[in-house]
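Asker: Dropping the structure in here first, questions after.
The values are calculated or read from the model by the stated rules, or taken from the named source; none is laboratory data. Fair warning: this is a prediction, and the values are worked out from it, not measured in the lab. Here the Cβ is made from the backbone with ideal geometry for all residues, glycine too, and neighbour counts use every protein chain on show. For accessibility, only protein heavy atoms count, side chains too; no ligands or nucleic acids. Shrake-Rupley method; radii C 1.70, N 1.55, O 1.52, S 1.80 Å.
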Amino acid sequence: MDALRVQDPARIGAYVLLARLGAGGMGQVYLGRSPGGRLVAVKVVREEITGHPEALARFRREAETVRAVRSAYTANLIDAGLDSAPYWIATEYVTGPTLAHAVRERGPFPAGTCRRLVAAMAEGLASVHAYGVTHRDLKPQNVLLAAQGPQLIDFGIARGVEQTALTQDGQAPGTPGYTAPEVLARNEVGDAADIFALGATVAYAATGRAPFGVGDAATVSYRAVHEEIDTAGVEPALAALIRECVAKDPARRPGPAELIRRCAVDTALVDDPAYQPLVAMADAVPDTPRRPHHAPAPPLHDLPTQGPGGPAGPTPSLPARSSRRGIPWLVAIGTGAVIGVSVATAVWLLPGDGSGGGDGGDKAAGGAPGARSSPKSPAADDTAPAGPPRYIQDIGTSRHSWNGLRDSCNLPGEEEPPLQFQMSVTTAETDYTGELPPGKAEIGYRLKYEEPNLPPYYIAVEVKPPHRLDADGRPTTSGANSDRFGSVSRAADLYEGDETQWTYLTYPDDFSSRADGEVRPAPPLSADPGEWTVVYHHATSDTSHKSVLCTGFVSDGP
């Protein structure tokens, strides 16, 4: 868990807020304390999406689902405020790491532990299904490894079996690699779809790999429909059980009772010697609210001013490391999935984002999760500059685009960031301290923990407006900007100096558009109101870089 930010409320409803547990697609999750001293997890809808009817309907449905499902495998609803903003719901606070975090930190589970996990999750699903509810987004991030056993979390898209599966934008619900073929191909949602997700989740636990590989959402979903799940190296009997769970025909998948019978466990998962150390990974709970020291804002940087035929103006300096903003609203580890860096996790912390790296533990090409190699040589190009990267260039189609309603990007799974990498985005509209001037956005990153004696790892940030802009900087009618390269910041070494301190960039001051040998100032936010995209790149030269994380923000215009 992380300290409260200076703009976070002191309380929600009757609950004093103690710390931040994490952020999800719908909003921020806090650790709260009731007047009688009971700890709760309080989820508050983000202010910028309260105007979306579909988002509020989903949030209210989540509250109704959690209220209805009373199970030993779910956290109970305690209180809610659903009549007026800020909208919030409070549930029991459950400590323990997510399955995704545990596998990333400790590696794949033994076969015996996986069988006990299958039996426990099957019993949990049976309990949920008995209420006429399908979870629809079971995955490693949505399984908490608690002291009382695994807990199923995030019922944000759960619905009764008679309700439609499609979301507002026509996309199938759930996370690629864990969503069943019949949901993807025919919009058929039922209990068997949760069994498919269970099998994929256990495959991840047994291998430490994404069950259907990495890549963009469409590629991973295609594999889930047409190809076999990855069970290489898994004990044969367990691998066979996993393959039955993810059978393409839902009628061939075993039900929860059959799974429990097949696992034939003789001890509880909580007594498993490999499970017990995982529960101890939870953070200590603070007694009093944790807030960062509020330091003054850093100075703004000069703009790059080169235009057609004109000389370049001052080059922005490397961003100063600063701690003035404290803890960010968004913490990310792994590809595509937004998750809390804390291992004391609350319900709803990890909703699906629709990206290809949904489980948060996917291996990037050439390394294990979080692993990092020495900087590569520049691309085989005579024009590639010598030395470390400075300003990355467009090296192909950029397909990143942030969807604010779903809080997700179509980020291809090119590479995972280092473990403990955190990022933040603040705009003048969301900066309740009033320090950030109108028309500005502040973009930050850091490592939560120091990782000394490592070779350089250069981070460059790209920012893209919602639409393509014409030569005069005005939005065009030619569609979204998802396939165009945006404005970039100067690359900086993540491990330089005290990497645990935040590095902050101000948009548009610290960004420039670089194409065809020209350097232009980044377009102002007022040029194109809407959903702006922010992409974090790992750069090994100006002409060699891979995207590692993507997020965004909303600009309301002038």
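Asker: For the structure I just gave you, tell me whether ALA14 is touching a residue at least 60 places away in the same chain (Cβ under 8 Å), within 21 Å of LEU138 (Cβ to Cβ) and surrounded by fewer than 21 Cβ atoms within 10 Å (Cβ to Cβ).
Answerer: no
Asker: Does region 127-156 hold any residues that are assigned to a loop (DSSP other than H, G, I, E, B), crowded, with 21+ Cβ neighbours inside 10 Å and touching a strand residue (DSSP E or B) at 6+ places or on another chain (Cβ under 8 Å), and which are they?
Answerer: HIS135, ARG136, LEU138, ILE153, PHE155
Asker: Moving on. Show the residue pairs that are 6+ apart or on different chains and have beta-carbon atoms under 6 Å apart, the first residue being within region 203-216 and on the phi > 0 side of the Ramachandran plot and at pLDDT 95 or above, the second being of a type in the set (A, V, I, L, M, F, W, C) and in a loop (DSSP other than H, G, I, E, B).
Answerer: Pairs found: none.
Asker: Counting only residues that are in a strand (DSSP E or B), open to solvent by less than 40 Å² (accessible area, probe 1.4 Å) and not aliphatic (A, V, I, L, M), which one in region 24-66 is modelled with the lowest pLDDT?
Answerer: For region 24-66, the residue satisfying everything is GLY27.
Asker: Continuing with the same structure: Hey, does region 467-480 have a residue that's within 26 Å of the chain's Cα centre (by Cα), open to solvent by 30 Å² or more (accessible area, probe 1.4 Å) and either closer than 18 Å to VAL425 by Cα or modelled with pLDDT of 90 or more (or both)?
Answerer: Within region 467-480, none of the residues are within 26 Å of the chain's Cα centre (by Cα), open to solvent by 30 Å² or more (accessible area, probe 1.4 Å) and either closer than 18 Å to VAL425 by Cα or modelled with pLDDT of 90 or more (or both).
Asker: Consider LEU77 against the criteria (1) in contact with a Ser or Thr (Cβ under 9 Å, 6 or more places away or on another chain); (2) touching a residue at least 24 places away in the same chain (Cβ under 8 Å); (3) more than 30 Å from ALA210 (Cβ to Cβ): it satisfies all of them except one. Which criterion is unmet?
Answerer: Status for LEU77: all satisfied but (2).
Asker: Next question. Can you tell me which residues in region 215-243 are of a type in the set (Ser, Thr, Tyr) and over 19 Å from THR113 (Cβ atoms)?
Answerer: THR219, SER221, TYR222
Asker: Across region 261-286, which residue is modelled with the highest pLDDT among those that are exposed (fewer than 12 other Cβ atoms within 10 Å of the Cβ) and under 28 Å from the mean Cα position of the chain (by Cα)? Break it down into steps so the answer makes sense when it comes.
Answerer: Initial filter on region 261-286 (exposed (fewer than 12 other Cβ atoms within 10 Å of the Cβ)): 264, 266-267, 271, 273, 277, 280, 284.
Still in the list and also under 28 Å from the mean Cα position of the chain (by Cα): 277, 280, 284.
Numbers: PRO277: 92, ALA280: 82, ALA284: 73.
Of everything passing the filter in region 261-286, PRO277 is modelled with the highest pLDDT.
Asker: Which members of region 175-187 meet the condition of being modelled with pLDDT under 85 and open to solvent by 10 Å² or more (accessible area, probe 1.4 Å)?
Answerer: The one that is modelled with pLDDT under 85 and open to solvent by 10 Å² or more (accessible area, probe 1.4 Å): ASN187.
Asker: Tell me, which residue of region 433-456 that is hydrophobic (A, V, I, L, M, F, W, C) and closer than 30 Å to ASP528 by Cβ is modelled with the lowest pLDDT?
Answerer: Quick first cut of region 433-456, residues hydrophobic (A, V, I, L, M, F, W, C) only: 436, 441, 443, 447, 454.
If we keep only those that are closer than 30 Å to ASP528 by Cβ as well, we get 436, 441, 443.
Numbers: LEU436: 80, ALA441: 91, ILE443: 92.
Here the answer is LEU436.
Asker: Can you say whether VAL103 is farther than 21 Å from ASP283 by Cα and surrounded by 21 or more Cβ atoms within 10 Å (Cβ to Cβ), as far as the supplied structure shows?
Answerer: No: the conditions fail for VAL103.
Asker: When region 397-428 is examined, which residues are found to be more than 17 Å from the chain's Cα centre (by Cα) and at pLDDT below 75?
Answerer: THR397, SER398, ARG399
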